[in-house]
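Undergrad: Handing you a structure now.
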Amino acid sequence: MNVWSAVGAVLLGLRVAGELWLEALNRRHFKRLAAGEKAPSANSTRVVPGSRALDYALARCRFRQATVAYETLLLVGLLWSGVLPRAWSVWQQIFGTGPLADSLFPWCVFALVSVAWWPWLWYERFDLEERFGFNTTRPATWWSDRFKGLVLAAGLGIPVIAAIIHLIRQAGPWWWVWGWTGAVAFALILGWLAPTWILPWFHRFDPLPEGALRERLQQLAARMDFPLRDIQVMDGSRRTRHSNAFFTGWGRARRVVLYDTLLNQLGPDELEAVVAHEMGHARLGHLWQLWTLTAIGWGLGFAVAGWIVQQPDFYRTFGFSEPHPAVAVLLLGLWAGPAGWWLLPWIHAWARRCEFQADAFAVRALGSVEPLQRALERLHRDNLADVPSHPWYRFWHESHPTLPERITALTANARAGAKR
Ligand SMILES: [Zn+2]
């Protein structure tokens with residue numbers, strides 16, 4: 001076993017062990033809650049033993065355990081079985097070498113990997129989510145989503161892969177700086193493309209109809225001096241009964257999006273609070289911070305990639321006799337997931353901080369805690385999300401604080417505000 005194989009095995013092994021350990025903690029934690037034990041600190045929600053939320057949390061936990069095992073087997077099989085080098089030599093015999101053939105090879109492997117996930121997605125949608133009454137997707141919509149996803153992955157992915165291969169070949173040892181710059185610029189372009197072209201291909205968006213609610217939200221925006229150009233309603237109910245709201249895009253493409261399911265769940269006060277929270281994310285610069293964090297993460301990734309592609313042993317470890325930019329893209333792409341896993345706690349710690357800040361912003365905007373508190377309680381209950389996970393699991397995986405944590409922070413804020 002050479003050093004690359006060892007590093008790879010350690011990265012992957014620690015990851016799968018860590019992930020399964022977190023899920024095992026979670027599972028024991030949920031089972032204890034189900035048995036009526038009191039949750040550890042900060043989990044002060046009253047969980048009714050055997051409640052649907054608990055069953056849902058346990059079912060999702062088992063699902064994740066299975067997917068982690070599957071993902072690891074898939075990756076180990078691809079990387080260490082020798083199937084990739086054999087496919088590569090057959091590919092070259094059939095299609096030769098040229099920019100298109102070279103870029104298509106890694107893309108096809110990535111596409112096959114994503115197709116290998118379809119049975120899991122199907123199970124999640126039509127079994128797990130269905131059992132808990134969340135699924136509203138029809139199989140035809142599901143298939144059309146998969147098909148559109150592949151088309152999109154081809155349209156965006158093949159040119160990106162071709163560009164990276166071209167840079168590795170032509171731009172010398174510092175190619176990764178150009179690659180990184182290009183990737184960051186591409187993320188900016190996507191921030192504009194996503195709300196205007198990509199999302200509307202999958203979902204239907206309608207402007208929030210004229211009326212009391214729309215007027216109220218516009219007044220809120222005016223009061224906060226917030227340039228709210230667009231409030232859109234998305235047909236989330238065509239796929240799920242889960243509800244959500246989010247901010248997306250930048251510049252003229254910037255908009256707040258409400259799921260139609262949310263409009264049915266919340267009253268006007270609560271909706272206003274949710275929109276104020278989303279405005280908080282935009283106003284406090286969270287989207288730009290996220291973009292900067294992503295850029296830093298990619299910078300690290302590209303720098304490591306820049307070094308790795310020059311190591312002939314890296315290719316040999318995984319059965320490729322010759323270094324080749326297409327093979328580099330393929331191997332690095334397959335390794336990106338397991339490597340990125342180690343960054344999750346940092347990203348999520350930052351995201352949870354943003355949630356507290358946006359909550360505080362909303363309370364300032366509304367001058368009251370109650371509407372946001374009611375909205376959060378309602379959303380957590382209806383989404384069966386009111387069972388907090390084990391603290392270690394939350395530390396690694398969760399981008400949102402728990403409901404009790406948020407409510408504690410809200411009331412503390414309100415008290416501090418009243419004293420001022
Ligand atoms: Zn938020």
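Undergrad: Using alpha-carbon positions, what is the distance between the centroids of the stretch 276-324 and the stretch 151-198, in Å?
TA: First find each Cα centre; the distance between them is then 12 Å.
Undergrad: Still on this structure, I have one more. Arg255's amide H: which non-local residues (gap 5+, or another chain) put their own amide H closer than 5 Å, with H modeled 1.01 Å from N in plane and none for Pro or chain starts?
TA: Counting only residues 5 or more places away or on other chains, the set is Thr248.
Undergrad: Along the charge dipole of the chain, which of Phe356, Thr317, Trp80 sits closest to the positive end, that is, farthest toward it, with unit charges on the beta carbon of Lys, Arg, Asp and Glu (+1, +1, -1, -1)?
TA: The residue sitting most towards the positive pole is Phe356.
Undergrad: Hey, another quick one. Which net charge results for the neighbourhood of Arg254, defined as the other residues with beta-carbon distances under 12 angstrom from its beta-carbon, given Lys and Arg at +1 and Asp and Glu at -1?
TA: Counting the neighbours of Arg254, the net charge comes to +2.
Undergrad: Tell me the angle of helix 52-80 to the major Cα principal axis of the chain, expressed in degrees between 0 and 90 and rounded to the nearest ten.
TA: 10 degrees
Undergrad: In addition: Could you work out the local net charge near Val3, counting Lys and Arg as +1, Asp and Glu as -1, over the other residues with Cβ closer than 12 Å to its Cβ?
TA: On the way: positive: Arg316; negative: Asp313.
That works out to 0.
Undergrad: Return the sequence-ordered ³J(HN,Hα) values of the stretch 101-107 in whole Hz as given by the Karplus equation 6.51 cos²θ - 1.76 cosθ + 1.60 applied to θ = phi - 60°, using x for Gly and Pro.
TA: Along the stretch 101-107, the couplings run 4, 5, 6, 6, 4, x, 4 Hz.
Undergrad: Extent of the stretch 288-420 along each principal axis, from alpha carbon coordinates, in Å, largest to smallest?
TA: 68, 31, 20
Undergrad: Further question: Looking at the stretch 134-203, which trypsin sites (Lys or Arg not before Pro) are in a loop (DSSP not H, G, I, E or B) and have at most 10 other Cβ atoms within 10 Å?
TA: Sites meeting the loop and neighbour criteria: none at all.
Undergrad: Once the dipole of the chain is set up with Lys and Arg at +1 and Asp and Glu at -1 on Cβ about the Cα centre, which of Gly96, Gly179, Tyr56 lies farthest towards its positive end?
TA: About the Cα centre, the residue reaching furthest to the positive side is Tyr56.
Undergrad: Still on this structure, please answer the following. Mean residue ellipticity at 222 nm from the helices of the chain, using -39,500 (n - 2.57) per DSSP H segment of n ≥ 4 over the full residue count, to the nearest 500 deg cm²/dmol?
TA: -23000 deg cm²/dmol
Undergrad: If Tyr56, Tyr123 are ordered by their accessible area, calculated over protein heavy atoms with a 1.4 Å probe, which sequence runs from highest to lowest?
TA: Tyr123, Tyr56
Undergrad: Here's a follow-up. Provide the per residue accessible area, probe 1.4 Å, for the chain, rounded to a whole number of square angstrom.
TA: Heavy-atom SASA per residue in the chain reads 50 Å².
Undergrad: Hey, can you grab everything whose amide H is under 5 Å from the amide H of Ser368? Only 5+ residues off in sequence or another chain; H modelled, so Pro and N-termini drop out.
TA: Excluding prolines and chain starts, which carry no amide H, there are no hits.
Undergrad: Angle, helix 268-283 long axis vs. longest principal axis of the chain, Cα atoms, 0 to 90°, nearest 10?
TA: That helix lies at roughly 40 degrees to the long axis.
Undergrad: Dipole size in debye (nearest 20) for the chain around its Cα centre, Lys and Arg Cβ +1, Asp and Glu Cβ -1?
TA: 620 debye
Undergrad: Any chance you could get the radius of gyration and Dmax over the Cα atoms of the chain, in Å?
TA: 23.6, 76
Undergrad: Let me ask something else. On C-alpha positions alone, give me the angle between the axis of helix 3-34 and the longest principal axis of the chain, in degrees, nearest 10.
TA: The angle comes out near 30 degrees.
Undergrad: Based on the mean of other beta carbon atoms within 10 Å per residue, what is the order of 363-369, 246-252, most packed first?
TA: In decreasing order of mean packing, 363-369, 246-252 become 363-369, 246-252.
Undergrad: Summarise the accessible area of the stretch 226-302 (1.4 Å probe, protein heavy atoms) by the percent that is carbon and sulfur.
TA: 59 percent
Undergrad: With +1 on each Lys and Arg Cβ and -1 on each Asp and Glu Cβ, how big is the dipole of the stretch 275-367 about its Cα centre, in debye rounded to the nearest 20?
TA: Here the stretch 275-367 has a charge dipole of around 240 debye.
The values are calculated or read from the model by the stated rules, or taken from the named source; none is laboratory data. A quick note: this is a predicted structure, and the numbers were derived from the prediction, not measured. Glycine also receives a Cβ, built like all others from the backbone with ideal geometry; neighbour counts cover every protein chain displayed. Ligands, DNA and RNA are stripped out before the accessible areas are found, and what is left, the full protein with its side chains, is counted by its heavy atoms. Shrake-Rupley method; radii C 1.70, N 1.55, O 1.52, S 1.80 Å.
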